[in-house]
Number of protein chains: 2
Amino acid sequence: MKKASIVTIGNEVLSGRTIDTNAAILGRELFSIGIPVISCYTIGDDVDAIVRSLNLACRDADIVLATGGLGPTDDDVTREAFAKFLGVKLQLQSELLYAIEEFFARRERRMPARNKCQAYIPAGTKALFNNIGTAPGIMAAAGDKLLIAMPGVPREMERMFTESVLPELRQFASGQAIVSKRLGCFGAGESAIAEMLGPIMQRGRNPLINCTAKCGIITLEIVATAANENEAQTIVEKDEELIRTKLGKLVYGVGDQSLAEVVGGQLARRGETLAVAESCTGGTLAKLLTDIPGASRYFTYGWFTYSNDAKIRELGVEPKLIEEHGAVSSEVASAMAEGARSRAGTDFAIAITGIAGPTGATEQKPVGLVYITVSSNGGLQTKRYIISGDRDLVRFRAALTALDVLRLELQV
Amino acid sequence: MKKASIVTIGNEVLSGRTIDTNAAILGRELFSIGIPVISCYTIGDDVDAIVRSLNLACRDADIVLATGGLGPTDDDVTREAFAKFLGVKLQLQSELLYAIEEFFARRERRMPARNKCQAYIPAGTKALFNNIGTAPGIMAAAGDKLLIAMPGVPREMERMFTESVLPELRQFASGQAIVSKRLGCFGAGESAIAEMLGPIMQRGRNPLINCTAKCGIITLEIVATAANENEAQTIVEKDEELIRTKLGKLVYGVGDQSLAEVVGGQLARRGETLAVAESCTGGTLAKLLTDIPGASRYFTYGWFTYSNDAKIRELGVEPKLIEEHGAVSSEVASAMAEGARSRAGTDFAIAITGIAGPTGATEQKPVGLVYITVSSNGGLQTKRYIISGDRDLVRFRAALTALDVLRLELQV
């Protein structure tokens with residue numbers, strides 16, 4: 001099976017000024033045509049460091065994709081490094097020079113002398129034209145390895161990859177297929193889910209099950225390798241069924257689906273509507289819901305009621321309830337949800353009240369204590385949670401948890 | 001001079017499902033204490049691949065920082081790889097086990113048996129406690145090299161780095177001083193700002209001025225190098241003054257300060273309060289405001305009024321205004337802001353109404369059309385914007401723009 005390695009070149013990446021999104025884009029693209037990325041090397045604008053990385057990458061993989069260092073300034077040394085690695089000289093390519101001059105001419109400017117260096121590529125290699133920038137790419141064969149250099153500007157890299165590199169790679173790596181599918185889970189931790197799944201998570205298996213956790217969302221990725229796509233698809237489906245049987249309602253969606261999207265879809269299908277009343281999450285839940293295009297079909301009303309005054313005046317919460325139980329209590333959460341549903345005239349209302357921190361906690365009410373109520377014509381469902389994390393995370397997880405309570409209620 | 005190398009571990013990074021932000025965070029942090037990152041290796045969840053990368057990283061650098069692969073599931077093999085690299089066995093650390101059990105206990109849950117593996121670290125190494133997750137880190141000395149493993153979850157990694165790793169690195173590294181300062185700007189594009197600044201942005205200068213743009217926020221970073229910190233500090237201050245003179249009110253804050261934080265600070269200092277009424281941004285502005293701890297001092301009331309009905313019933317917008325001008329109009333924005341301010345009894349109110357897309361546009365009202373009103377006892381200030389970008393970006397930039405209108409009003 002053909003494998004790939006990525007070499008990211010640039011001081012700005014090492015110093016953290018630029019986040020390397022190119023490697024992720026290439027990782028996804030290669031994966032989608034059945035070529036796994038096996039390693040990624042990031043190094044600065046230095047000829048010897050680049051040559052060393054190309055050597056390492058060639059030891060790991062059959063295809064080496066480098067990005068960055070093809071600009072016109074002194075710190076752009078990828079051309080030189082490729083020439084040194086291949087043991088050849090740089091050579092002026094007149095069609096490239098013409099293309100760069102044209103690039104400036106279209107913008108009614110003369111090519112600065114400095115850009116001429118971009119028309120030099122290692123002798124015996126193929127130039128990859130760049131239609132939206134001045135930096136051409138390089139494609140070179142070295143023994144049975146395929147080496148490619150592309151610009152670091154993500155837009156230029158993506159376009160060059162799609163137009164010139166992808167067709168070559170498809171040919172280079174025919175006869176292998178990788179199919180993957182992701183399942184989004186909510187409501188149990190990573191280790192609890194791993195325990196429920198048992199031996200199917202073992203390494204070296206086909207399909208491979210990868211597990212990642214982010215803010216309470218557990219993503220399981222099923223990755224199958226086979227001689228062709230159909231076969232790989234069948235392997236994935238078999239494991240998906242197995243996982244769904246074992247995890248039941250914990251699985252909320254597939255692929256990039258968010259919880260808000262799933263809940264929104266449920267509401268839209270049922271023709272039902274939702275209002276929210278947020279205290280500690282202050283807009284987090286509303287934002288998650290309205291991130292989804294078309295949310296206005298089911299989500300039209302909301303309140304953020306940080307103060308007691310707002311809870312009383314806008315949602316009709318009884319002052320006595322707040323006095324007796326405090327604003328962070330199941331009683332107040334319930335009253336907020338009831339108030340929101342009746343004022344908005346919706347089918348459902350979610351209320352959240354809690355302590356996001358870093359201040360506001362008491363002996364009885366720690367940071368992370370959150371009450372969530374879902375109100376519907378079936379009645380009230382109020383739950384108490386202790387959510388871990390800093391302010392951002394408590395708020396985000398509280399909002400996700402509220403969506404999940406509603407998801408499960410809608411699923412019945 | 002001591003140098004560092006980063007090893008990023010995880011199949012999800014290679015396949016491009018996760019963008020490696022950890023490497024960039026570490027690059028910046030190390031840079032800020034004068035330690036350059038010289039290389040970065042990304043590899044999958046495989047013991048031998050990790051050991052090989054640790055060897056390469058140790059050849060490049062004095063400090064090796066690894067992230068990822070410390071979770072409780074079978075694909076987490078960094079502990080094992082570190083042990084193999086160091087030539088020692090994994091050993092149970094009872095304090096770690098206790099800390100992990102406590103982590104679950106605080107959340108009123110029992111520790112799953114599977115998490116016990118996280119209490120094992122290579123013999124003779126130091127554990128780094130994780131206060132917001134279950135994955136402890138590892139710190140190990142190998143000859144004159146310092147090796148560190150941290151969790152892959154960015155927030156856990158950042159916290160562990162700041163609390164446990166940074167103090168050690170400061171001691172480990174010495175030499176010349178780098179001082180940097182960032183200025184946040186809003187209200188003009190990157191090239192407009194570059195033109196206003198002129199020659200001080202040239203490369204090779206000390207200090208170096210780096211410029212990055214993200215969602216309308218332009219960040220200028222002043223980086224000075226000198227023999228000691230005081231000297232570098234003086235160089236930075238001189239350029240900061242120069243930039244502030246040239247850019248005036250475009251500079252809204254320093255370091256990591258967000259617009260919401262700056263506006264919140266202004267309100268808190270003046271003892272004044274704010275209400276918001278959001279239509280197209282649906283919680284985005286409220287969330288930005290409530291992301292700031294202590295926001296409840298000045299921000300207590302809010303509405304998201306997606307539907308006309310909600311605008312009429314909750315904010316007292318005249319139905320006639322909506323009929324005549326449409327919900328996306330300066331008239332309705334003004335009425336929303338007035339309604340919000342009078343209902344909440346606050347000093348200021350912000351209203352936003354617009355078309356975030358992808359649907360909802362008409363010939364006269366394109367995607368990105370946004371009206372923003374700031375209401376105060378000085379009257380109403382309504383502005384019209386055409387904001388470019390997709391749904392997320394339009395919503396985010398609209399909320400930032402609203403904050404900036406209020407910032408400038410409060411600055412007078």
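By its C-alpha gyration tensor, with a ≥ b ≥ c as the square roots of the eigenvalues, how is the stretch A:1-118 shaped: rounded for a/c under 1.5, else prolate for a/b larger than b/c, else oblate? Cα axes put the stretch A:1-118 in the prolate bin. For the stretch A:107-117, 3J(HN,Hα) computed residue by residue from phi via the Karplus equation (6.51, -1.76, 1.60; θ = phi - 60°) reads 9, 6, 10, 8, 5, x, 3, 4, 6, 4, 4 Hz, glycine and proline entered as x. In terms of its C-alpha gyration tensor, the stretch B:75-180 has an oblate overall shape, because the principal axis ratio a/c (a ≥ b ≥ c, square roots of the eigenvalues) is not below 1.5 and a/b does not outweigh b/c. Checking every one of the trypsin sites (Lys or Arg not before Pro) in the stretch B:77-131 against DSSP loop status and a limit of 10 other Cβ atoms within 10 Å picks out B:R110. Buried by at least 30 Å² relative to the chain on its own: which residues of the stretch A:191-216 qualify, computing accessible area with a 1.4 Å probe on protein heavy atoms? Listed in order, they are A:S191, A:A194, A:E195, A:M201, A:R203, A:N210, A:T212.
Using C-alpha pairs below 8 Å separated by at least 6 residues, the relative contact order for chain A is 10 percent. The loop-placed GluC sites (Glu not before Pro) in the stretch A:29-111, going by DSSP, that have at most 13 neighbouring Cβ atoms within 10 Å of their Cβ come out as A:E108. Normalised by the number of residues in the stretch B:1-85, the mean separation of alpha-carbon contacts (under 8 Å, six or more apart) gives a relative contact order of 41 percent. Counting only Cβ charges, +1 for Lys and Arg and -1 for Asp and Glu, the dipole size of the protein assembly as shown around its Cα centre is about 80 debye. Label-to-label distances for B:G255 across copies, nearest first, come out at 4.3 nm, using points 7 Å from Cα in the beta-carbon direction. Within the stretch A:377-412, the residues that become at least 40 Å² less accessible when every protein chain is included than when their own chain is isolated (1.4 Å probe; DNA, RNA and ligands ignored) are A:I386, A:S388, A:R391, A:R395. An oblate overall shape is assigned to the stretch B:144-288, the ratio a/c of its alpha-carbon gyration tensor axes (a ≥ b ≥ c) being 1.5 or greater and a/b not exceeding b/c. Our summary of shape: the Cα atoms of the stretch A:1-70 have principal axis extents of 33, 23, 17 Å, ordered from largest down, in whole angstrom. Accessible surface for chain B, divided over its residues, is 41 Å² per residue with a 1.4 Å probe.
Can you run the Rg to Rh ratio on the stretch B:210-316? Use alpha carbon positions and the Kirkwood inverse-distance Rh. Rounded to two decimals, Rg over Rh is 1.13.
Report the one residue of A:A23, A:V394, A:A260 whose Cα lies farthest in the direction of the positive end of the charge dipole of chain A (charges on C-beta: Lys and Arg +1, Asp and Glu -1; origin at the Cα centre). Value: A:A23.
Ellipsoid fit via the Cα gyration tensor, the stretch A:255-412: semi-axes of 24, 18, 13 Å, each the root of five times an eigenvalue, largest first. Per-atom-type breakdown for the stretch A:352-397 gives carbon and sulfur 47% of the accessible area (1.4 Å probe, protein chains only). Where both bridge residues fall in the stretch A:253-412, DSSP classifies roughly 60% of the beta bridges as antiparallel. Listed cross-link partners B:K89/B:K145; A:K2/A:K214; B:K249/B:K287; B:K2/B:K89 are compared with a 21 Å cut-off, the Cα-Cα value being larger for A:K2/A:K214; B:K249/B:K287; B:K2/B:K89. Of the solvent-accessible surface of the stretch A:285-345, computed with a 1.4 Å probe over protein heavy atoms with every protein chain present, carbon and sulfur atoms account for 46 percent. P(r) tail, the stretch A:31-84: Cα-Cα pairs separated by more than 17 Å, 38% of all pairs. Please state the charge dipole magnitude for the stretch A:1-134, taken about the Cα centre, from unit charges on C-beta atoms (+1 on K and R, -1 on D and E), reported in debye and rounded to the nearest 20. Roughly 260 debye, rounded to the nearest 20. Under a 5 Å amide H cut-off, with hydrogens placed 1.01 Å from N, B:Q91 pairs with B:I121, B:A123 among residues at least 5 apart or on other chains.
Interface B-A: total buried accessible area of about 6100 Å², 1.4 Å probe, protein heavy atoms only. Maximal additional length on extending the B:A141-B:I33 stretch stands at 36.8 nm, based on 0.36 nm per residue less the C-alpha distance.
Remark: C-alpha extents of chain B on the principal axes read 78, 56, 42 Å, sorted largest to smallest. P(r) tail for the stretch A:187-266: Cα pairs beyond 22 Å make up 27% of the total.
Multiplying the residue separation of B:V412 and B:T21 by 0.36 nm and removing their Cα-Cα distance gives an extension gain of 136.9 nm.
Expressed as a whole percent, the accessible surface of the stretch A:3-91 that belongs to carbon and sulfur atoms is 47, based on a 1.4 Å probe. Overall, the ratio between the Cα radius of gyration of the stretch A:327-373 and 2.2 N^0.38 Å, rounded to two decimals, is 1.27. Can you find, among A:P136, A:F104, A:L86, the residue sitting farthest towards the positive end of the charge dipole of the stretch A:75-159, where Lys and Arg contribute +1 and Asp and Glu -1 at Cβ? Final value for the positive-end residue is A:F104.
Expressed as a fraction of 2.2 N^0.38 Å, the C-alpha radius of gyration for the protein assembly as shown is 0.99. Projecting the Cα atoms of A:I292, A:A277, A:W303 onto the dipole axis of the stretch A:261-312, where Lys and Arg carry +1 and Asp and Glu carry -1 at the beta carbon, places A:I292 farthest toward the positive end. Sequence-ordered 3J(HN,Hα) estimates for the stretch B:340-352 from the Karplus curve with 6.51, -1.76 and 1.60 and θ = phi - 60° stand at 5, 5, 6, 5, 7, x, 9, 6, 10, 9, 10, 10, 10 Hz, glycine and proline given as x.
The values are calculated or read from the model by the stated rules, or taken from the named source; none is laboratory data. Everything quoted here is computed from the prediction, not taken from an experiment. Using ideal geometry, Cβ is built from the backbone for each residue, glycine included, and neighbour counts are taken over all protein chains shown. SASA here: full protein model, heavy atoms, side chains in, ligands and nucleic acids out. Shrake-Rupley method; radii C 1.70, N 1.55, O 1.52, S 1.80 Å.
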